[in-house]
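The values are calculated or read from the model by the stated rules, or taken from the named source; none is laboratory data. Values in this document were obtained by computation on a predicted structure and should not be read as measured data. Don't worry about glycine lacking a Cβ; one is built from the backbone with ideal geometry, like all the others, and counts go over all protein chains shown. These area figures cover heavy atoms from the full protein model, side chains too; ligands, DNA and RNA do not enter into them. Shrake-Rupley method; radii C 1.70, N 1.55, O 1.52, S 1.80 Å.
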Amino acid sequence: MNAQRIKAHVDLLAPFIGREIGVSPWVRIDQERIDAHARTTGDDAWIHTDPARAAKETPFGCTIAQNFLLMSLLTDMAQATNLPTDGVAYRTSYGFDRLRIVQPVLVGSRVRGRFELRKVEAKGHHGVLVYLDASIEIEDDDLAPALAAEWLIYRRLED
């Protein structure tokens, strides 16, 4: 891979640094979604899957979404980002440098992702790392996001 091609891609994305690059549509967190996540991952704690018990024994009065369910929604929500993809062979999640679950998401809530480009840097001989400030907001709740993260995306450039 040509170092000039990597530098050109970093330069292509540089004007977006510090800017919001996408906001996803709202997604409803219903009990069916929570239960499907529980079946897939084994995270079937009663606080997520037993509405009657959660109504009686939690301060929320209902079930709440699993934290890893929220994290997994980032992938689909990131479809709303609008960074140029010129010369990109593929993208893949590279992990998180920081991730916090700030507050619970109650069943029936709607959430959406919001993304800002933090930085871009060369990674190896074939690509770049894109650092995103990602958050998941809860509709009609301005207190704090449900999730806040610094998410790294690896972009493998075409040869």
Worksheet item: Say each of Glu150 and Thr58 gets a label point 7 Å from the Cα, pointing the same way as Cα to Cβ; how far apart are those two points in nm?
Response: 3.0
Worksheet item: Where does helix 67-77 land angle-wise versus the long Cα axis of the chain, in degrees 0 to 90, nearest 10?
Response: 50
Worksheet entry | Within-12-Å neighbourhood charge of Asn2 [Cβ basis; K, R +1; D, E -1] | 0
Discussion item. Among Thr81, Thr92, Thr40, which one shows the highest mean-square fluctuation when the chain is modelled as a Gaussian network with alpha-carbon springs under 10 Å?
Written reply: Thr40
Worksheet, complete the sentence: Out of Gly127, Pro145, Leu13 - ranked by how far each Cα lies towards the positive end of the dipole of the chain, with unit charges on the beta-carbon of charged residues - the top one is Gly127
Worksheet item: Glu139 versus Tyr94, label points 7 Å from Cα toward the beta carbon: distance in nm?
Response: 3.5
Worksheet entry | At R0 = 25 Å, FRET efficiency that the Cβ-Cβ distance of Asp43 and Glu20 yields, to 0.05 | 0.20
Worksheet entry | Computed magnitude of the charge dipole of the chain (debye, nearest 20; Cβ of K, R +1, Cβ of D, E -1) | 440
Discussion item. Counting only protein heavy atoms and a 1.4 Å probe, tell me what percentage of the chain's accessible area is made up of carbon and sulfur.
Written reply: 48
Item to complete: Skip the ligands, DNA and RNA, and give the accessible area per residue of the range 1-145 with a 1.4 Å probe, whole Å².
Response: 57
Practice prompt. Report the relative contact order of the chain, percent, no decimals, based on alpha-carbon pairs under 8 angstrom and at least 6 residues apart.
Written response: 30
Worksheet item: To the nearest 10 degrees, how steeply does helix 31-41 sit against the main Cα axis of the chain, on a 0 to 90 scale?
Response: 70
Discussion item. Tell me the angle of helix 3-13 to the major Cα principal axis of the chain, expressed in degrees between 0 and 90 and rounded to the nearest ten.
Written reply: 50
